[in-house]
Structure formats: C-alpha cells, structure tokens
Amino acid sequence: MTMPVWQASRMPDETPPAVGSYQRRLPVSLARVWENVLDWEHLPWLHSQAFLDIALIEASAAGWRARVGLPPAERRSEIELELVVEREAGRYVARTLSGPGAGTEIWTSLDPTEEHETGVHVSFHVPGVPAAQAERVGAGFATLYRGLWDQDEAMMCRRSEWLARPRPGPESAKPLSLGTEASLRARLPVVVEWGGRPFRIVDDGGVLRVHAAWCPHALGPLEAAPLVDGAVRCPWHGYAFDIDTRKCREHPALRLASAPQLDVDAQTGNATLRAPEAERA
Ligand code: FES
Ligand SMILES: [Fe+2]
C-alpha cells in the first residue's frame, strides 16, 4: 500500500494528534467504497453494534451530516457527525462535531491498488488523550474499525457480485419441480434459484409464499430476513417489504421483484415454481 495521501496534502492545523491507525485491503473497486462512504443510512442497521439510530441533517456528493445515537440503548448518547469527502485527494474525514468525543477526527485514505482492490488507511485523531493512554485508545479504535470494515466489506462484495451478474434471459425462467408439498414444507424456509435469481419460499400463517431474496434498494440480502407481520426487513438499511403486495413500507414506490408462482398439483401433491400465469400468457 502506498503512503497515506495526507502526508502529501496536509491536514488542518487544528486536527488533534493521531492516537493510532488501521489499514486493510478491500477486494472491491474504489467506486464501491465511495458508494459505501456516502451511504449514511446503513450505520444503525449494518453496524447496529456501534450505532443506535441516525437522523440526517444534510447530504450531498461532498458528504453528509447527521445526528447519530450511540449505545448502550438504556443510556443512549448522541453525537453530531459530519463526513466530508475530498475525492480528488482520495480521502475523507469523519468529524464528531458535538456530544461524547467531540473534536475527534477519523481520516481515511483510499488507494485503488487494482481494478477490484482498494487499500484503506485510517488514522484516529482524538483530542485530550494523555500520552500514556494514546496506545490503548488507538487500539480500541482499530478494533472498532476492523469490525465496521468487516461488515462493509461483506456488503460491498455482495453488491459487486450482483452487479457483475449477467441479466437472466427468458429461457432461464423454466418450471422448477420442488418435490411434494409435504417435503417442501418440511424444508421451509428455503431459498431456490429460479430464472437466474434467488427466491425464498416461506410459510406465512400456513400459506406458502414466494418472495425475491434480494432487496430492490441496493441488492441487500433478504434470504435470512425474519418474516414479521407479513414483511421482511432488509438488514442493510432497514427497509421492510410486504411479501404479499411486494411494496416497501417506508418507500412505497420501491417493490420486490415479482416472484414465480408456486403451483401444487391436486393429484400428485407435487409443487412447481413457474412464471406467473399473466407472464406466461
Ligand atoms: S439494500 Fe437498502 S434496505 Fe435493502
Ligand atoms: Fe459502514
């Protein structure tokens, strides 16, 4: 990995001294990482261990500012956090403007080492830390950031993989036999590939239902999302989708992809996934 970019372009003089740093290589493109950096909404969902909630104040391509709730829930504290992107310099800073840790600045430099690999170097600048405690505080930040980047990496890798998938052609939407209804019910919930995409079959109050297992917002994973009150909630940004209407409860214009129809043969009891009748017509 090359030297952090801020060694060439200086930080502001008021930036507190560094107490530690963290670096890693991510197996994703720089574009995926910038997308993740500007995605303020995922904080309390993907990183629920570190953030309780978020209320956006403003956002643009240059960054975002928000009020962020911190755990533990029974003693919730709040910070105002701003993230400022210096895209040309390949770096961004997250500043705590108010609340616990006010004045902290986390500088991150991004270094695209290959088309699908990005180096990340993070530097933790915390005001008022006595020299004797700097190493311990720096190590705490490094542990926190390792966990956050682990989660971000999984999210970015899934998005990369999905975005690289070829669009399934109509020939891939062939009927798929799932055995008898009884054997299918014994395996629920189950994820099956149909038409080149994953769908999940669930038991919704005794009724077998099929729903798309990817989120239409940003391709988040719905294959393991619990079914609660007829809806699945995406773990990336917390949007809930009614699996009957397919509509997103928070953003009704957003809908799950239409699912194949599950037919059960009255004679044999065999279950088959096939294109919905309207589409076959
Ligand atoms: S990917 Fe954002 S809510 Fe699912
Ligand atoms: Fe993140």
Expected output for region 34-49 (first residue closer than 18 Å to Asp111 by Cβ, partner at pLDDT 95 or above and surrounded by 18 or more Cβ atoms within 10 Å (Cβ to Cβ), Cβ below 6 Å, 6+ apart or cross-chain) is Asn36/Asp152; Asn36/Met156; Val37/Tyr92
Of the residues in region 162-190, those that are basic (Lys, Arg) and more than 19 Å from Glu223 (Cα to Cα) come to Arg167, Lys174
Among (1) within 22 Å of the chain's Cα centre (by Cα); (2) surrounded by 15 or more Cβ atoms within 10 Å (Cβ to Cβ), Leu56 falls short only on (2)
By residue number, the members of region 254-271 that are crowded, with 16+ Cβ neighbours inside 10 Å and in contact with a His (Cβ under 9 Å, 6 or more places away or on another chain) are Leu256, Ala259
Filter region 238-280 for residues that are of a type in the set (Lys, Arg) and not in a loop (DSSP other than H, G, I, E, B); the one that is farthest from Glu223 (Cα to Cα) is Arg280
Counted residues in region 122-156 being in a loop (DSSP other than H, G, I, E, B), in contact (Cβ under 8 Å) with a residue 24 or more places away in the chain and over 25 Å from Pro44 (Cβ atoms) come to 3
The residue from Glu80, Glu105, Glu153, Glu41 that alone is modelled with pLDDT of 95 or more, surrounded by fewer than 17 Cβ atoms within 10 Å (Cβ to Cβ) and not assigned by TED's automatic domain parsing to the domain that holds Leu219 is Glu80
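Can you name every residue in region 13-72 that is more than 12 Å from Met156 (Cβ to Cβ) and among the polar types (S, T, N, Q)?
Step one: list which residues in region 13-72 are more than 12 Å from Met156 (Cβ to Cβ), which gives 13-25, 38, 40-41, 43-45, 47-72.
Listed by number, the residues that qualify are Thr15, Ser21, Gln23, Ser48, Gln49, Ser60.
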Selection from region 32-51 of residues over 13 Å from Ala61 (Cα atoms) and either part of a helix (DSSP H, G or I) or near ligand 2 (Cβ under 10 Å from one of its atoms) (or both) yields Arg32, Val33, Glu41, His42, Leu43, Pro44, Trp45, Leu46, His47, Ala50, Phe51
Exactly one of Arg25, Arg65 is away from ligand 2 (no atom under 16 Å from the Cβ) and either farther than 24 Å from Gly138 by Cβ or acidic (Asp, Glu) (or both), and that residue is Arg65
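The values are calculated or read from the model by the stated rules, or taken from the named source; none is laboratory data. Just so it is clear, the model here is predicted, and its values are computed rather than measured. Quick reminder, even Gly has a Cβ in these numbers, built from the backbone with ideal geometry, and neighbours come from all protein chains shown.
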